[in-house]
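Only one structure is covered here, and it is reproduced in the block below.
Just so it is clear, none of the values below were taken in a lab; they were calculated from the coordinates. Treat the numbers as computed from the prediction; the structure is a model and nothing was measured. Ideal geometry is used to build each Cβ from the backbone, glycine not excepted, and the neighbour counts take in all protein chains shown.
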Amino acid sequence: MSGPEGWTALEPAGGGRPSESMPVLEEAGRQLRAPWAASIAGILFSVMFTAALVLVRSASDPSGQSTAFVIGGLYLAPFAGIMFLWFVAVIRDQLGEREDRFFATVFFGSGLLFVALLFTTAAVVSTATTLVEFLGGAELSTEGQAILRALAYTLLFAMATRAAAVFMLATATIGIKSGVFPRWFALVGYLLGFVLLVAVSFWDWFILVLPGWVAVVSLFILRRERTRR
């Protein structure tokens, strides 16, 4: 079939029939943005982040050569960050036009900052293992190992926890302003967020408040969707 200028029009493959893959892709995209997707991502983040933290903190080998460092630093922590990003993306998509732009920016920015710091911490924790196991380098000195541990500790417990606290405060604010969360639930988020800003300096395991909060939010969203059906 020739066009008005003599160019031959390209016909779609399959005898001119529309591609059958488009509805499948659209449905897959819709499912990935569904509320249950945020719930699954949030729960997976909570499990992976907690497991990674427990493995790395309880590792008996200070040189970073143990299997716990490999599993926690190279696998669980990065995938926990990916699940957290998915959780944030689905929450924003569900809010849509109801989101407050100011708090939505704080919510999104603090989430990205937390993930960036988590990835950086995982990289620092895994440096000794990567050097010896994958690059064939010599084991770090005691002083080098101590510097890496101190840097990882500072990144996670002094920096990432503050970003996590801001994320919790922003999530509670967005939830109460949009009507997604009941008032009491948002107030608990405010309380935990403010405590996380300060308490982690005295007891580092308090960072587990974040995965606990995300897990509860995920279960709340999942229960809300099941009730609607």
Each label point is 7 Å from the Cα along the Cα-to-Cβ direction; what then is the distance between the points at LEU219 and MET159, in nm?
3.3
Alpha carbons only, please: Rg and Dmax for segment 79-229, in angstrom.
18.0, 59
Multiply the residue separation of ARG101 and GLU143 by 0.36 nm, subtract the distance between their alpha-carbon atoms, and state the gained length in nm to one decimal.
10.5 nm
Segment 35-217: relative contact order in percent, alpha carbon pairs under 8 Å with at least 6 residues between
26
For segment 151-218, Rg(Cα) over 2.2 N^0.38 Å is 1.11
Along the Cα→Cβ direction, 7 angstrom out, place labels at ALA150 and ILE82. What is the inter-label distance in nm?
3.4
Report the gain in length on full extension from PHE134 to TRP184: 0.36 nm times residue separation, minus Cα-Cα distance, nm rounded to one decimal.
13.0 nm
